[in-house]
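Each remark here refers to the structure printed beneath this line.
The values are calculated or read from the model by the stated rules, or taken from the named source; none is laboratory data. Note that this is a predicted model, so its numbers are computed, not measured. Here the Cβ positions follow ideal geometry from the backbone for every residue, glycine too, while neighbour counts run over all protein chains shown.
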Amino acid sequence: MRRFITAVASGLVLLGSAAASAQPQTAAVIAKRQLSECMAKRMSANKTVSYNDALRVCKERLQPPKDTLASIGPADTGAKSH
């Protein structure tokens with residue numbers, strides 16, 4: 001019984017320290033995980049698709065449209081013309 005309590009207490013200490021050291025995920029980590037999940041789904045759904053094809057399609061799918069990227073630029077604030 002004593003070993004069981006010691007094992008449970010040790011497990012709780014390890015879980016507490018792991019939770020305390022967890023850091024928020026960056027956008028790059030999230031994007032990489034999304035790409036990986038997309039590729040895994042695509043390749044498991046269609047066994048004939050290659051890794052490179054799945055990578056290309058998933059990158060295109062996760063990228064915002066190019067016209068959206070162009071509209072994100074700085075707004076025209078009526079700068080002075082000389």
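Values as computed for the structure displayed
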read-out: Region 20-32 residues that are part of a helix (DSSP H, G or I), paired with ones that are of a type outside the set (D, E, K, R) and modelled with pLDDT of 85 or more (beta carbon under 8 Å, 6 or more apart); value: Ala31/Leu62
read-out: Arg61 vs. criteria outside any loop (DSSP other than H, G, I, E, B), closer than 26 Å to Ala27 by Cβ and either at pLDDT below 75 or touching a Cys at 6+ places or on another chain (Cβ under 8 Å) (or both); value: yes
